[in-house]
Amino acid sequence: MPSTTWWWVDGCEYLGRLAFRHRLTEHLREVGGHIGYDVRPSARRQGHATAMLAAALPRVRELGVALALITCDVDNIASRRVIESAGGRFEDQRGGKLRFWVATGEQ
Ligand SMILES: CC(C)(COP(=O)(O)OP(=O)(O)OC[C@H]1O[C@@H](n2cnc3c(N)ncnc32)[C@H](O)[C@@H]1OP(=O)(O)O)[C@@H](O)C(=O)NCCC(=O)NCCS
């Protein structure tokens, strides 16, 4: 699947990364979603994931996706908060994953 990965950095310091899959396969539509991210352990709980996703959404829109599917494990409270802060609308739970749709710009 074509994908784009952006690094989130502070000068030369790597903080995290966000990967965007340009299209959904059947499997990605079920559980994987368009977007995945992680923040290095020493930089967590400082708002980086929330800021990283907000910064990525306009770029995702430029790449042609108006509504992005983002999923997280049912017990991943931090990721759920990140998705909700980006305006994610909960659709359902499938296979231990919560599925949210996030608008990447004005609808
Ligand atoms: C999930 C992850 C990306 C969050 O990164 P982060 O930079 O720490 O997130 P933020 O600082 O932006 O915090 C987002 C929210 O989650 C909360 N949060 C962060 N870590 C938390 C934790 N361990 N437990 C409970 N809440 C947590 C924050 O308080 C914040 O809440 P708020 O919006 O109410 O203020 C990071 O924990 C990570 O890389 N985890 C491993 C990989 C992963 O799970 N990726 C997501 C896959 S779907």
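FYI, it's all coordinate maths here, none of it is from the lab. All figures in this text were calculated on a predicted structure; none of them were measured in a lab. Cβ coordinates were reconstructed from backbone atoms using ideal geometry, including for glycine residues, and neighbour counts include every protein chain displayed.
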Where the centre of each part is set by its Cα atoms, how far does region 14-37 sit from region 69-107, in angstrom? 12
FRET efficiency, 1/(1 + (r/R0)^6) with R0 30 Å, evaluated for R89 and S42 via beta carbons: 0.40
With only Lys, Arg, Asp and Glu charged, each at its Cβ (+1 for the first two, -1 for the last two), find how big the charge dipole of the chain is about the Cα centre; round to the nearest 20 debye. 40
At each listed q (0.12, 0.15, 0.23 Å⁻¹), what is the log10 of I(q)/I(0) that the Debye formula gives for the chain modelled as equal alpha-carbon point scatterers? -0.37, -0.59, -1.36
For the chain, what is the mean residue ellipticity at 222 nm derived from helices alone (per DSSP H run of n ≥ 4: -39500 (n - 2.57); sum divided by total residues; nearest 500 deg cm²/dmol)? -7000 deg cm²/dmol
Once both axes come from the Cα atoms, what is the angle between helix 48-62 and the longest principal axis of the chain, in degrees from 0 to 90, rounded to 10? 60
